[in-house]
1. So is Leu128 free of Cβ contacts under 8 Å to residues at least 60 places away in the same chain, under 23 Å from Pro10 (Cα atoms), assigned to a helix (DSSP H, G or I) and in contact with a Leu (Cβ under 6 Å, 6 or more places away or on another chain) or not?
2. All but one of (1) without any contact (Cβ under 8 Å) to a residue 24 or more places away in the chain; (2) more than 27 Å from Ser58 (Cα to Cα); (3) part of a helix (DSSP H, G or I); (4) small (Gly, Ala, Ser) hold for Ser123; state the number of the condition that does not hold.
3. Considering only residues that are out of contact with any helix residue (DSSP H, G or I) (no Cβ under 7 Å at 6 or more places or on another chain), assigned to a loop (DSSP other than H, G, I, E, B) and small (Gly, Ala, Ser), look in the stretch 58-87 and name the one that is surrounded by the fewest Cβ atoms within 10 Å (Cβ to Cβ).
4. Can you pull out every residue in the stretch 33-57 that is touching a helix residue (DSSP H, G or I) at 6+ places or on another chain (Cβ under 6 Å) and polar (S, T, N, Q)?
5. Among the candidates Ala72, Ala63, Ala76, Ala46, single out the residue that is under 14 Å from Ala144 (Cα atoms) and more than 16 Å from the chain's Cα centre (by Cα).
6. Please count how many residues of the stretch 11-32 are part of a loop (DSSP other than H, G, I, E, B) and touching a helix residue (DSSP H, G or I) at 6+ places or on another chain (Cβ under 7 Å).
7. Do any residues in the stretch 95-113 that are within 10 Å of Phe145 (Cα to Cα) have Cβ atoms under 8 Å from those of residues that are at pLDDT 95 or above and among the β-branched types (Val, Ile, Thr), where the two are at least six apart or on different chains, and which pairs are they?
8. Could you list, in sequence order, all residues of the stretch 88-108 that are buried (at least 19 other Cβ atoms within 10 Å of the Cβ) and farther than 20 Å from Val160 by Cα?
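The values are calculated or read from the model by the stated rules, or taken from the named source; none is laboratory data. Keep in mind that what you see is a predicted model, and the values were worked out from it rather than measured. Using ideal geometry, Cβ is built from the backbone for each residue, glycine included, and neighbour counts are taken over all protein chains shown.
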Amino acid sequence: MFTTIVQQTPHWVWGVFAALTVLGCKQSVPRRRSLRSATALPVAMALLSLYGVASAFSSQPLALLAWVTGVAVALALSQGLRVWDGIRWLESERSVLMPGSWLPLVLLLGLFLTKYAAGVALSINPELAAEASTAGFVGLVYGAFSGVFLSRALAVWRAVRQTLPPDSAY
């Protein structure tokens, strides 16, 4: 059955998987990024996750509530555990120094696999989209990934704010 699922997966899905893998691997080394690009990926991934929940479980409001809950819990835990420590604003270069980490790769692939598994499950059994338990679980998982992504964007903005004088515009 697994072989059949993989064989029937559209080819573009494997392209997305490869692109996310490359993107995640690139983030394993320290690099300088503009403020815009340092926050774009986390925000984009959170929005894609929200879209995934809303499109797959449009008839289940619990999915969105679970997504928001997942975001809030993961965001709070990530901030409390200081998952993204080491992000620095380099005022002289007007750039963000992002430390290398494998966590973005894990998050990107985790979100991809969640989306893939949900897509497979819903294509095999479309009635799952109407089940509150399925919608809630998938929404919670999507939201948890989004919360960790968004905590990175907040860590970037925090690094910028802590470095600049209060009256500066960035």
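1. Yes; evaluated as a whole, the condition is true for this residue.
2. Status for Ser123: all satisfied but (2).
3. The selected residue is Ser58.
4. Once the filter is applied, which keeps residues that are touching a helix residue (DSSP H, G or I) at 6+ places or on another chain (Cβ under 6 Å) and polar (S, T, N, Q), the stretch 33-57 yields Thr39, Ser49.
5. Being under 14 Å from Ala144 (Cα atoms) and more than 16 Å from the chain's Cα centre (by Cα) holds for just one of Ala72, Ala63, Ala76, Ala46, which is Ala63.
6. The total comes to 2.
7. From residues that are within 10 Å of Phe145 (Cα to Cα), the pairs are Leu107/Val148; Leu108/Thr21.
8. Once the filter is applied, which keeps residues that are buried (at least 19 other Cβ atoms within 10 Å of the Cβ) and farther than 20 Å from Val160 by Cα, the stretch 88-108 yields Pro104, Leu107, Leu108.
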